[in-house]
Amino acid sequence: MQLIERAVQHIEGLTINSKLCTQRHCPACAAAKQHCDPFPPLSSCALCALELAHTDMSGPACVPGTGVIYRLTITDDFTCWRWLKLLINKCKETILEAFKEYKAMAEAQHPACKLVTI
């Protein structure tokens, strides 16, 4: 809370009081602009393919004529291999079908490995 109070003290009306902030990158201002704390550093990494996968969903993006507006990306932590699936919506059934497609394809490419953690 103290960081937010310090950041708010820099502003007087709509003008910025530069006398209170002498640093070029003020830690109080930076912390006040964050929506949440940064992710903690990972203490471990995957030791084999498919042990850990990271997912990301982005969109909507207007793509004329295709109907595809969302992108699902799955990245294998060990190999850094990325898989992209274009989706027309982000309902749970669509995402689950895309994930099942990825899992089947990835485990077929790495027969000795099974997907462990998402």
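Values for this structure:
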{"read-out": "Charge context of Glu107, other residues only, Cβ under 14 angstrom, K/R +1, D/E -1", "value": "0"}
{"read-out": "Burial order of peptide ranges 99-106, 58-65 (average beta-carbon count within 10 Å, highest first)", "value": "99-106, 58-65"}
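We did not get these values from a lab; they are worked out from the coordinates using the rules stated. Since the model is a prediction, treat every value here as computed from it, not as a measurement. All Cβ positions, glycine included, derive from the backbone under ideal geometry; neighbour counts span all protein chains shown.
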